[in-house]
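Q: Supplied in structure tokens, the structure appears directly below.
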Amino acid sequence: MIDDSAGRARGRLAGLARRGTRGRPGERLGQHGDRGTPDSGPGTPTAGFGTALALAMSVGPLATYGISATGPLVTESLDLSRTELGSIATVTFIAAALASALIGRAADVFSGRAVMAILFAGAGAALLTVAAAPSYAWLLVAVTASGVFQALSNPVTNQLISANVPAGRRGVLMGVKQSGVQMSQFGAGLALPSIALALGWRGATAVSSVVAVAGLVLVRTSVPAAVKTLREPGRRRAGGRLPSAVWWLCAYGFLTGAALQAMNVYLPLFGYERLEMSVTTSGLSAAVVGGVGLAARIFWGRVADRTRRPHSLLALLAAVSAGAALLLMAAALAGTAWTMWLAAVLFGASGIATNVVVMLAVVQVSELSVVGAASGVLAFGQYLGFAVGPVSLGAAVDGLGTYTSGWASVAAVYAAAAALALLWRGRDGPSAGAAHASTPPTPQAPCPGPDRHGPGPREQEGRAC
């Protein structure tokens, strides 16, 4: 019986060798393209892995979303002006932008489980500090801390996906984890106002820290304890140097981040002020954008994972978003509500989805050893855009007294982002793939032909045979 078991084991290993480096569901690539471990065993993602990633993305901005959702109570309690209330999000995004540029590398140096634990613990402490803030100054301190811990979310989650999930299976997971931001926004808007009526805005904010507690539990049970994957076949070691594609993505993230956040912030107010909708009806525009965007991030994540070159997809999403902004400009000129609703659907389907595509692209173009640092650079551009966009649109509307020019400027920014993506494609050349964008190829040994003992040309993943 022992001999039979040993024979079956040898046969199974031989079968794995014949299949080459292509992973199966439930397995991931190991060092130098060797097989990794199946999904059972230590250091391997479990069923709760995607949930942990989504919570990591949602807990960081929860302080800002909670303050926004309970804004009337916060302003009354701390005697805040509209400018002071609006500055809270700006301060948060500036803190996140600066921190992203400085601490993104931590995800490459320390274990993903440790960084995730720091993220959840720090974000939870920031939420409790917000709840206890006695003044506007202390509130700014609390949201600054929230922004710093929020800056860890993209680098560590991208690093974990790159290290533990094979290429070709990352898109849907990336969409799920990026949807955590929309889940946070939706949950805060849906639950916290009602909780605040019973417990006050401080009590509601304190209750929201349960998300951080849930995240800490999942870190222990669902996040791999150690990274086993070192690199994928066909990829060269970067020696810690970021590929030039990261800087293209950073610039694209800045432009789309500025336009995205400007539309997010001012769309409901536009419906209320220009189209004379009720507060409830105009607020539904944010729900439409969020609901469509939630599905769009998962859908476009799957598409991006199957797309060899991200440039055209990024240009397409920016162009459709520009069209949505032009529809809002038409709504401002004609006063037609249906145009705004169509714009909200298009914006949710395109503008909200750009984030998952750029995050997947930065994972594809970066070596595992620098995924965290590269994600930090990209997040720096995005958060800086988040901080600049709403302030700029607000100043344009206040200065000119009309939304028409404001939406036209948003469309121009999206058009510039589309042009940037096409320019990047031109610089990379017609044959540059997503996994090698702006990165010279490494010479490799000739591929063996198909035989009984080795993989054939079509089985050499990542190899040009």
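The values are calculated or read from the model by the stated rules, or taken from the named source; none is laboratory data. This structure is a prediction, so every number in the text was calculated from the model and none was measured. Note that each Cβ is placed from the backbone with ideal geometry, even for glycine, and that neighbours are counted across all protein chains shown. Accessible surface is based on the protein model in full, side chains and every heavy atom, while ligands, DNA and RNA are left aside. Shrake-Rupley method; radii C 1.70, N 1.55, O 1.52, S 1.80 Å.
Q: So, in region 101-148, of the ones that are among the polar types (S, T, N, Q) and in contact with a Leu (Cβ under 8 Å, 6 or more places away or on another chain), which residue ends up surrounded by the most Cβ atoms within 10 Å (Cβ to Cβ)?
A: Taking region 101-148 as the starting set, the residues that turn out to be among the polar types (S, T, N, Q) are 111, 129, 135, 144, 146.
Next cut, in contact with a Leu (Cβ under 8 Å, 6 or more places away or on another chain) only: 135, 146.
Numbers: Ser135: 11, Ser146: 30.
My answer is Ser146.
Q: Still on this structure, I have one more. Cβ contacts < 6 Å: first residue more than 10 Å from Ala204 (Cβ to Cβ), restricted to region 66-82; second residue basic (Lys, Arg) and surrounded by fewer than 19 Cβ atoms within 10 Å (Cβ to Cβ), any location; separation 6+ or different chain. Result?
A: So the pair list comes out empty.
Q: Take the residues of region 335-389 that are assigned to a helix (DSSP H, G or I) and polar (S, T, N, Q): which is nearest to Arg306 (Cα to Cα)?
A: Once the filter is applied, the top-ranked residue is Gln364.
Q: If I ask for residues that are assigned to a loop (DSSP other than H, G, I, E, B) and touching a residue at least 24 places away in the same chain (Cβ under 8 Å), which ones from region 390-403 would you list?
A: First, pick out the residues of region 390-403 that are assigned to a loop (DSSP other than H, G, I, E, B): 401-403.
Thr402, Tyr403 - these are the residues of region 390-403 that are assigned to a loop (DSSP other than H, G, I, E, B) and touching a residue at least 24 places away in the same chain (Cβ under 8 Å).
Q: Of everything in region 326-366 that's surrounded by fewer than 20 Cβ atoms within 10 Å (Cβ to Cβ) and not hydrophobic (A, V, I, L, M, F, W, C), which residue is nearest to the chain's Cα centre (by Cα)?
A: Thr339
Q: Restricting to region 267-314, and then to whatever is open to solvent by 10 Å² or more (accessible area, probe 1.4 Å) and in contact with a Lys or Arg (Cβ under 8 Å, 6 or more places away or on another chain), can you tell me which residue is nearest to Met183 (Cα to Cα)?
A: Applying the filter and picking the extreme gives Asp305.
Q: Find the helices (runs of 4 or more DSSP H) located wholly in region 112-209 whose residues include 1 or more that are over 27 Å from Gly293 (Cα atoms) and modelled with pLDDT of 85 or more, and list them.
A: So the answer is 112-132, 136-150, 171-208.
Q: Within region 307-325, is even one residue under 21 Å from Val397 (Cβ atoms) and among the hydroxyl-bearing types (Ser, Thr, Tyr)?
A: Within region 307-325, one or more residues are under 21 Å from Val397 (Cβ atoms) and among the hydroxyl-bearing types (Ser, Thr, Tyr).
Q: Checking the condition over 31 Å from the mean Cα position of the chain (by Cα), over 30 Å from Ala95 (Cβ atoms) and modelled with pLDDT of 50 or more, which residue from Leu400, Leu422 passes?
A: The match here is Leu400.
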